[in-house]
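One structure below.
The values are calculated or read from the model by the stated rules, or taken from the named source; none is laboratory data. What you see is a predicted model; the values in this text were computed from it and never measured. Positions of Cβ are generated from backbone atoms using ideal geometry, with glycine treated the same way; all protein chains shown enter the neighbour counts.
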Amino acid sequence: MAELAAVVGIGQTKYQTKHKDVSIAGLVRDAAFKALQDAELTWDDIDAVIVGKAPDMFEGMVMPELYLTDALGCNGKPMLRVHTAGSVGGSTAIVAASYVQSGMFKRILTVTYEKQSESNAMWALSNAQPFSPHLNAGAGGFFAPIIREYMRRTQASPEAGIKVAVKDRLHGARNPLAHLQLPNITMKEVEESPMLWEPLRFLESCPSSDGACALVISNEELAKQSPKKPAWIRGTAMRSEPTMYAGREEVSPRAGIDCAKDVYAQAGVTNPRKDFDCAEVYVPFSWYEPMWLENLGFAEKGEGWKMTLEGATSLDDNGDIPWNCSGGVLSSNPIGASGMIRFAEAARQVRGDAGDHQVDGAKLALGHAYGGGAQFFAMWVVGSEKA
Amino acid sequence: MSDANKEALEPITGIESPVYLDYNFTAGQATARFLTKVKEGKLVGQRCPSCRNVYIPPRGACAACGVATNEEVELPHKATVQSFTIVYIPIPGNPIKPPYVIANLVVDGANISFLHLLSECKNEDVRIGMRVEAKWKDPSEWGFAMENIQYFAPIDEPDVPAEEIGRLKDA
């Protein structure tokens, strides 16, 4: 890579069920403006804008990036839109970083969003196809059988999923931007919440949120002049695989394993559990924490659920490798933005700027996003130091 | 104040604006063949010339090998439950009452699963490895659709070990 790149500004809206106070354009502008403020920059300091957005079908708005140019101050500037389903927030940050690393642009504003209150994300992609009965039961219906297979193979205690649901909401209660604020949530409350897609309960699933997240990414020279501490981008990787093929390993997809291997090699990570101080990982359904712990090499095969139950990933249990200190996707899910929030929250940690959910002295953090049928992966490693 | 006037004073912050998209589905060669056979009450998949795995419904190519699939294979109507979920929320516009079971099923001789409904059994009795069989609608109702099969129902056969479901026998 020719140039070093770093996150020098981070902006997030409050995540909530309905942002009736703003249009979609207002929502993205809010996040973008906060990122500029955080970097102490103005619109004029930006060379290009990169927008990320989950499927257009959600809000029924085709090519929304065109409509957003005014709101993002990029008339007459290069702008690009990225789309990789639920992983798009991560992929968008990586595309922005790549343009800076290549030397093409010196400073980029990148923004992702979802306004679920104006959309129907659950059913928008469940259109009828003649070669399949019309039974698509949303993302939960797709992932529940895969989770069941994980539980069968590992003989995991059913408590592991419940523990993640509680842990991430307790983390979220430390983060004023998190959608769900459930500081008193208990294992019993999660266990007694209604089944949606057995084995997944209501409280083991992510909420539907409105929100946007923005980053300012600049090259080394400009990052050094930045008033606040930059988060240095130490590695980026994306991988994908088909949704369906004979012999596909759905519980621990090959694309996720390969993506992690690539990004760890770039950042010099050999033992993720030891080398990282924390991680922000895309966990929209509770069981995806133990599954990704194994897929990403934080736990041995079949052992992820034990690590979760032991509290290794919990701030409140003083775990050695806290996951999703911000509350994660289980606390806020503006789909298109969710991946970028993971990347942004990883950056906040290594900047020492994560407020009440800060991991003391965090120096190296992983940001992770996945999408589609767990087939698109995007990851980055950010550090407080350049190398 | 009349209701009409009161309404006029409420600030309008949004309007409902549904989008309707009607498509003509162009199935392509493989899916068209499959649907033609489904209309005759037959399940026909395609075998990959490279890895020998059988795809149903066939999409004309093996996504693992990246090669076209041409060889057709007629498959029996018995299947094994690879995994499943019990759904507690209704599907909009679908008369099926929750809770219902959606299963990933691997038809005998196939190496990939498809989704279908499971019925004629207690939800709590459904398990990975369970043997089931297609229950077809009356032939007068058959169209170019997988809905020609109303659902799958359990049959009295021993469970298949999970490691063997969908795997090539000689692999």
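Before moving on, here are some points about what is shown:
Results for (1) more than 14 Å from chain B (Cβ to nearest Cβ); (2) in contact with a Phe, Trp or Tyr (Cβ under 7 Å, 6 or more places away or on another chain); (3) closer than 21 Å to residue A:82 by Cβ, shown as yes or no for each residue.
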site	(1), (2), (3)
A:100	yes, no, yes
A:108	yes, yes, yes
A:116	no, no, yes
A:134	no, no, no
A:139	no, no, yes
A:144	no, yes, no
A:174	yes, no, no
A:179	yes, yes, no
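- Residues that are surrounded by fewer than 17 Cβ atoms within 10 Å (Cβ to Cβ) and under 24 Å from residue A:355 (Cα atoms) within region A:1-32 comprise A:14, A:17, listed in sequence order.
Every residue, every condition in (1) touching a Gly at 6+ places or on another chain (Cβ under 6 Å); (2) surrounded by fewer than 24 Cβ atoms within 10 Å (Cβ to Cβ), yes or no:
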| residue | (1), (2) |
| --- | --- |
| A:298 | no, no |
| A:302 | no, yes |
| A:316 | no, yes |
| A:320 | no, yes |
| A:324 | no, no |
| A:327 | yes, no |
| A:333 | no, no |
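- Of all positions in region B:8-26, none carries a residue that is out of contact with any strand residue (DSSP E or B) (no Cβ under 6 Å at 6 or more places or on another chain), in contact (Cβ under 8 Å) with a residue 24 or more places away in the chain and either more than 11 Å from chain A (Cβ to nearest Cβ) or within 26 Å of residue A:242 (Cα to Cα) (or both).
- Test: residue in region A:357-369 that is in a helix (DSSP H, G or I) and within 15 Å of residue A:174 (Cβ to Cβ): yes
- Checking each residue in region A:26-44 for being assigned to a helix (DSSP H, G or I) and over 14 Å from residue A:12 (Cα atoms) picks out A:43, A:44.
- Top-ranked residue of region A:43-62 - restricted to ones that are within 14 Å of another protein chain (Cβ to nearest Cβ) and of a type in the set (Asp, Glu), ranked as surrounded by the fewest Cβ atoms within 10 Å (Cβ to Cβ): A:56
- Check on residue B:109, modelled with pLDDT of 95 or more, at positive phi and within 11 Å of another protein chain (Cβ to nearest Cβ): no
- Inclusion of residue B:96 among residues that are within 22 Å of residue A:199 (Cα to Cα), assigned to a loop (DSSP other than H, G, I, E, B) and free of Cβ contacts under 8 Å to residues at least 12 places away in the same chain is not warranted.
- The criterion of being surrounded by fewer than 24 Cβ atoms within 10 Å (Cβ to Cβ), under 28 Å from residue A:53 (Cβ atoms) and in contact (Cβ under 8 Å) with a residue 12 or more places away in the chain does not hold for residue A:135.
Let's see how each residue does on (1) in a helix (DSSP H, G or I); (2) at pLDDT below 95; (3) within 19 Å of the chain's Cα centre (by Cα):
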| residue | (1), (2), (3) |
| --- | --- |
| A:299 | no, no, no |
| A:305 | yes, no, no |
| A:312 | no, no, no |
| A:318 | no, no, no |
| A:326 | no, no, yes |
| A:330 | yes, no, yes |
| A:342 | yes, no, yes |
| A:377 | no, no, yes |
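- Each residue in region A:245-291 was checked for being outside any loop (DSSP other than H, G, I, E, B) and closer than 30 Å to residue B:60 by Cα, and 6 of them qualify.
- Residue B:87 vs. criteria hydrophobic (A, V, I, L, M, F, W, C), in contact with a Gly (Cβ under 9 Å, 6 or more places away or on another chain) and more than 10 Å from chain A (Cβ to nearest Cβ): no
- Residue A:226 being under 30 Å from residue A:149 (Cβ atoms), modelled with pLDDT of 95 or more and touching a helix residue (DSSP H, G or I) at 6+ places or on another chain (Cβ under 8 Å): no
- Residue list for region B:109-143, filter: assigned to a loop (DSSP other than H, G, I, E, B), in contact (Cβ under 8 Å) with a residue 24 or more places away in the chain and under 15 Å from residue B:154 (Cβ atoms): B:119, B:120, B:121, B:126, B:127, B:128, B:129, B:130
- Close pairs (8 angstrom Cβ cut-off, 6 or more residues apart or separate chains): hydroxyl-bearing (Ser, Thr, Tyr) in region A:30-45, surrounded by 18 or more Cβ atoms within 10 Å (Cβ to Cβ) anywhere: A:42/A:36
Rundown of residues vs (1) assigned to a loop (DSSP other than H, G, I, E, B); (2) at negative phi; (3) at pLDDT below 95, yes/no style:
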position	(1), (2), (3)
B:19	yes, yes, yes
B:25	yes, yes, yes
B:29	no, yes, yes
B:36	no, yes, no
B:41	yes, no, no
B:49	yes, yes, no
B:59	yes, yes, yes
B:73	no, yes, no
B:85	no, yes, no
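- Where a residue in region A:195-223 is away from every other protein chain (no Cβ under 14 Å) and free of Cβ contacts under 8 Å to residues at least 40 places away in the same chain and its partner, wherever it lies, is part of a helix (DSSP H, G or I) and surrounded by 23 or more Cβ atoms within 10 Å (Cβ to Cβ), with Cβ under 9 Å and at least six apart: none
- When residue A:157 is tested against the conditions (1) more than 14 Å from chain B (Cβ to nearest Cβ); (2) of a type in the set (S, T, N, Q); (3) buried (at least 19 other Cβ atoms within 10 Å of the Cβ); (4) closer than 30 Å to residue B:119 by Cα, the lone failure is (3).
- Pairs meeting the criteria (first residue in region B:52-72 and more than 9 Å from chain A (Cβ to nearest Cβ) and among the hydrophobic types (A, V, I, L, M, F, W, C), second residue assigned to a loop (DSSP other than H, G, I, E, B) and surrounded by fewer than 20 Cβ atoms within 10 Å (Cβ to Cβ), beta carbons under 6 Å, at least 6 apart or on different chains) are B:67/B:50.
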